[in-house]
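Student: After the structure tokens below, expect a handful of questions from me.
The values are calculated or read from the model by the stated rules, or taken from the named source; none is laboratory data. What you see is a predicted model, and the numbers here were worked out from it, not measured in a lab. We place every Cβ from the backbone using ideal geometry, glycine too, and count neighbours over all the protein chains shown. Only protein heavy atoms, including side chains, enter the accessible area calculation; ligands, DNA and RNA are left aside. Shrake-Rupley method; radii C 1.70, N 1.55, O 1.52, S 1.80 Å.
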Amino acid sequence: MKEKGLLIVLSGPSGVGKGTVRKAIFSQENTKFEYSISMTTRLPREGEVDGVDYFFKSREEFESLIEQGKLLEYAEYVGNYYGTPVDYVRETMDDGNDVFLEIEVQGAKQVRDKFPDGLFIFLAPPSLSELQNRIVTRGTESEELIRNRMDTARSEIEMMNLYDYVVENNEVATAVEKINSIVQAEHCRRERVEKRYKKMLEVE
């Protein structure tokens, strides 16, 4: 009996380094996760590639997908939509592969409602001052937008109770190691493997 894949959700406030940690995980040779690329209506940042970092869509295209029920989750964040295509996620998990989502906190709440047995990991900053420093260092946002992001970050950190695990992103390599260990442990959770062994007993 093929074990169904895990849905791994990595989330946290803007500027915490979700993208950096995700790229570090996927740069490892032994990584077997399937990355579900998110859709967004925001403009690409320098170096971002359509279909690799995000699927970049117009607002009209995105709203059409919402109406068709083609998104697992979506959220409007600082004036832009972000979302996850649903068909790819379900098909990949049914094939026994782990799906890795890197999404905003609003979106993670929707996924939790639809996939309660998913693995939800909150990536936390070492401190609010360090988080602000990371956002400022990007050099891509105005002072007003930075203030908006920090206000949103405070409310997102308060939603930490929606997650199964919290990993502090002080050093990327350490955060990656912890996330990989969490996933390994989840694959050994009794609730996830019990059906396979019960099936084995039936055959014998």
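Student: Looking at the range 170-196, I want the residues that are at negative phi and have a partner that is of a type in the set (Gly, Ala, Ser) with Cβ atoms under 6 Å, at least 6 apart or on another chain. Which pairs are those?
Tutor: From the range 170-196, the pairs are Val172/Ala24; Val176/Ala24.
Student: A follow-up question, please. Looking at the range 76-99 only, could you name the residues that are assigned to a strand (DSSP E or B) and of a type in the set (S, T, N, Q)?
Tutor: Correct list: Asn80, Thr84.
Student: Still on this structure: For a quick check of your reading of the model, give me the residue pairs whose first member lies in the range 124-153 and is closer than 12 Å to Ser14 by Cα, whose second is acidic (Asp, Glu), with beta-carbon atoms closer than 6 Å and at least 6 apart or on different chains.
Tutor: If the second residue must be acidic (Asp, Glu), the pairs left are Ala124/Glu168.
Student: Moving on. Take the range 114-128 and flag every residue that is out of contact with any strand residue (DSSP E or B) (no Cβ under 9 Å at 6 or more places or on another chain) and either outside any loop (DSSP other than H, G, I, E, B) or within 19 Å of Asn180 (Cα to Cα) (or both).
Tutor: Across the range 114-128, the qualifying residue is only Leu128.
Student: While we're on this one: If you take the residues of the range 110-157 that are closer than 22 Å to Tyr74 by Cβ and basic (Lys, Arg), which of them is modelled with the highest pLDDT?
Tutor: Arg112
Student: On to the next question. Please go through the range 111-132 and give me each residue that is within 25 Å of Leu145 (Cα to Cα) and more than 12 Å from the chain's Cα centre (by Cα), ordered by number.
Tutor: Ala124, Pro125, Pro126, Ser127, Leu128, Ser129, Glu130, Leu131, Gln132 - these are the residues of the range 111-132 that are within 25 Å of Leu145 (Cα to Cα) and more than 12 Å from the chain's Cα centre (by Cα).
Student: Separate question: Answer yes or no as to whether Thr31 is of a type in the set (Ser, Thr, Tyr) and closer than 26 Å to Leu131 by Cβ.
Tutor: Criteria not met by Thr31.
Student: Further question on the same structure: I'm trying to understand the selection: among the residues of the range 41-87, which are among the acidic types (Asp, Glu), closer than 22 Å to Glu141 by Cβ and surrounded by fewer than 13 Cβ atoms within 10 Å (Cβ to Cβ)?
Tutor: Matches in the range 41-87: Glu46, Asp50.
Student: Select from the range 147-181 the residues that are open to solvent by 20 Å² or more (accessible area, probe 1.4 Å) and touching a strand residue (DSSP E or B) at 6+ places or on another chain (Cβ under 6 Å) and list them in ascending order.
Tutor: Met160, Tyr163, Asp164, Tyr165, Val166, Glu168, Lys178, listed by residue number.
Student: Can you tell me which residue within the range 93-109, out of those that are more than 12 Å from Ile8 (Cα to Cα) and modelled with pLDDT under 90, is most open to solvent (accessible area, probe 1.4 Å)?
Tutor: Of everything passing the filter in the range 93-109, Lys109 is most open to solvent (accessible area, probe 1.4 Å).
Student: From Arg149, Arg196, Arg192, which residue is in contact with a Ser or Thr (Cβ under 6 Å, 6 or more places away or on another chain) and not aliphatic (A, V, I, L, M)?
Tutor: So the residue among Arg149, Arg196, Arg192 that is in contact with a Ser or Thr (Cβ under 6 Å, 6 or more places away or on another chain) and not aliphatic (A, V, I, L, M) is Arg149.
Student: Right, something else. Only one residue in Glu102, Glu63, Glu73, Glu46 is part of a helix (DSSP H, G or I) and of a type in the set (Asp, Glu). Which one?
Tutor: Glu63
Student: Follow-up question, since we're still on this one. Looking at the range 1-40, which of the residues that are open to solvent by 10 Å² or more (accessible area, probe 1.4 Å), assigned to a loop (DSSP other than H, G, I, E, B) and among the aliphatic types (A, V, I, L, M) is modelled with the highest pLDDT?
Tutor: Top of the filtered list is Ile37.
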